[in-house]
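Colleague: Below is a structure I'd like to ask you about.
Please treat every number below as a calculation from the coordinates, not as lab data. Just so it is clear, the structure is predicted and the values come from calculations on it, not from any experiment. Virtual Cβ from ideal backbone geometry, glycine too; neighbours counted across all protein chains shown.
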Amino acid sequence: MSLTASRGLTLIELLVTLTILSILAAAAMPYVEMTVTRSKELELRRALREVRTAIDRYHEDWLSGKISKTSSSASDDGYPRSLLMLVDGVESAEAKGGKRRYLRRIPRDPFASADKPVEEQWLIRGYQDEIDAVVSSGNDVYDIHTYSERTALDGTLYREW
C-alpha cells in the first residue's frame, strides 16, 4: 500500500501566512507614509528656494538698473507684480534689449490641490504687507508660502517655512 503525499496547504497554514503578511504590512505602512511626507517636504523646500531666489535676482536686477525703474512689471519697491512676471520675463534696460526671465515655470506646491492653477497654489506676501498677512495687498511678490495648515515632521507648520 503506497501513501500519496498530500499536495497543497491546509487552512491553518494559509491563515498563519496571511497573519504574518498583515503584520508585516501594518509595520511598513507608517514608514511608507513618512517617506511620502519627506519627499513632499523636500519638494516644497526646493520650490520655495527656487521662487525666492528668482524674486531676489529680480530685485537685484531692478536695483542695479538691468530692469527699468519705470517698468510696469516692477512695483515701486522693485519686486515683480506677479509670479507670472518671473516666467514671462521683463524687458531689459540694457542696450542690447531682450527679455530677462527668472523662472522656466512656476513650481507646483506639493501640498496644494492638483486642480488649482499653479500660480494660485501659493500664498503671496507683498513687500508692504504684514509678516503674518494671509491676504496679499496685490502690489507685488516679496515672498511666498504654502497654504497648507499641516505640521511638518520636525513639528513646524509648513506655512511658516
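Colleague: Fully extended, how many nm does the chain gain between TYR147 and MET29 (0.36 nm per residue separation, minus their Cα-Cα distance)?
Modeller: Values: separation 118, 0.36 × 118 = 42.48 nm, distance 2.67 nm.
Length gained, TYR147 through MET29: 39.8 nm.
Colleague: Just in the range 94-123: which trypsin sites (Lys or Arg not before Pro) are loop by DSSP and have at most 10 other Cβ atoms within 10 Å?
Modeller: Working: sites: LYS96, LYS99, ARG100, ARG101, ARG104, ARG105, ARG108; in loops: LYS96, ARG101, ARG104, ARG105, ARG108.
Here the sparse-neighbourhood loop sites are LYS96, ARG104, ARG105.
Colleague: Give the aspartates and glutamates whose C-alpha is closer than 14 Å to that of LYS69, dropping any in the same chain fewer than 8 places away, or say none.
Modeller: In chain and number order, the partners are GLU60, ASP61, ASP77, GLU91, GLU94.
Colleague: May I ask you to order 129-142, 77-90, 14-27 by the average number of other C-beta atoms within 10 Å around their residues, highest value first?
Modeller: For the peptides 129-142, 77-90, 14-27, the packing ranking is 77-90, 129-142, 14-27.
Colleague: Which of the aspartates and glutamates could a cross-linker span from LYS96 if the Cα-Cα distance has to be under 14 Å and same-chain partners fewer than 8 positions apart are dropped?
Modeller: In chain and number order, there are no partners.
Colleague: Expressed as a rounded percentage, what relative contact order does the chain have, with Cα pairs under 8 Å and six or more residues apart? Provide the component values of the computation, followed by the final result.
Modeller: On the way: 194 pairs, mean separation 28.6, N = 161.
Taking the mean separation of contacting Cα pairs over the length of the chain, I get 18 percent.
Colleague: Separate question: Short version: what are the Cα gyration tensor semi-axes of the chain, square root of 5 times each eigenvalue, largest first, in whole Å?
Modeller: 55, 18, 11
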